1. Exceeding 27 Å between C-alpha atoms, which entries from my cross-link table qualify? They are Lys81/Lys164; Lys10/Lys67; Lys160/Lys191; Lys81/Lys160.
2. Pick out which of Gly111, Gly100, Gly178 has the largest mean-square fluctuation in a Gaussian network model of the chain, springs linking Cα atoms closer than 10 Å.
3. Of the DSSP beta bridges with both residues in region 64-170, give the percent that are antiparallel, rounding to the nearest 5.
4. Could you tell me which of Val86, Pro6, Leu140 has its Cα farthest along the dipole of the chain towards the positive end, charges placed at Cβ (Lys, Arg +1; Asp, Glu -1), taken about the Cα centre?
5. Of Gln123, Gln60, Gln46, which is the most mobile in a GNM of the chain whose springs link Cα atoms less than 10 angstrom apart?
6. Nearest 10 degrees, 0 to 90: what angle lies between the long axis of helix 38-54 and the longest principal axis of the chain (Cα atoms)?
7. Tell me which trypsin sites (Lys or Arg not before Pro) from region 1-84 have a DSSP coil assignment and no more than 10 other beta carbons within 10 Å of their own.
8. In region 88-140, which GluC sites (Glu not before Pro) are in a loop and have at most 15 other Cβ atoms within 10 Å, using DSSP for the loop call?
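Since every read-out is calculated from the coordinates, none of them should be taken as a lab result. Bear in mind that the values here come from a model prediction, so they are computed numbers and not experimental data. Quick reminder, even Gly has a Cβ in these numbers, built from the backbone with ideal geometry, and neighbours come from all protein chains shown.
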Amino acid sequence: MLAQLPSLQKLVRHLQRLPYLASKNVFKVAGYLLASDPKVVDQLCQAIVDARAVIRRCEQCCNWTEKQALCAICSSDKRNKAVICVVETWHELMAIENVGEFNGLYHVLGGALCPLEGVGPDQLTIPTLLERLNNDVQELIFATNPTPEGEATASYIWSKIANKSMVCSRLASGVPIGASLEFMDRVTIGKAMQGRRPY
C-alpha cells in the first residue's frame, strides 16, 4: 500500500528515525498529522524550527540553554558550585531536578561509552567535564544509568581524574520503594545488600 503513496512512505521513513517513537506508533502519528488541522501541523513544524534556532548546549555543563552561553542552572547564584552530578542525558538531569533534592551543578555526557557502537570518550563530553574539575569542585556524583555502559563510563571518568582526593560518590541502587523482594532479580538484591545503610 505504501508503494502507492510515496509521500506517506517518505513521512513514515522520517518518523521511523525518531529514537523514542515505538515502531507500532509510527503509522498512528503519521495518520494523526495527516488528519489534523493544517494550522496545528504548521505550528508544530514552526515550533521545531524555532527551537532549533535558539536552543544550544550550555558551554559549561552541556545542558540545553536558550540564547545564553550558560544554562539557568549553571548561571544561578543559588546552586552549590562545589558539587557536580554527572548524568548521561538531559532526561536524567530533568528526572533529578524534578525531585527537588539536589542543589549542585550537572554535567551532561551526551550518552555512555559503547565501543561496539563507536561511542568513545571523544564522542561524549568527558574532556569538557575533566576540564571543569578544578580545586573549587569538592564532590563528583556519578548518576549514570546502572547498565554495563553506564558503569563503564563512570569507571573511565574516575580513572582520568587527577585529583584523587576529591569526593566521588555513586547513586544508591537496590530495591525500589513499593517493590517485593520475591520479584527482584539477583543483581538488584545483591546491590541492595552491598549498599545497605544504618537504620
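1. Details: Lys81/Lys164 19 Å; Lys10/Lys67 33 Å; Lys160/Lys191 25 Å; Lys81/Lys160 21 Å.
Going by Cα-Cα distance, Lys10/Lys67 fall outside the 27 Å limit.
2. Of the options given, Gly178 has the highest mean-square fluctuation.
3. 5
4. Pro6
5. Evaluated over the chain, the most mobile residue of the options is Gln46.
6. Helix 38-54 and the main axis of the chain meet at about 40 degrees.
7. Details: sites: Lys10, Arg13, Arg17, Lys24, Lys28, Lys39, Arg52, Arg56, Arg57, Lys67, Lys78, Arg79, Lys81; in loops: Arg17, Lys67, Lys78, Arg79.
Within region 1-84, the qualifying trypsin sites (Lys or Arg not before Pro) (loop, at most 10 other Cβ atoms within 10 Å) are Arg17, Lys67, Lys78.
8. Answer by residue number: Glu101.
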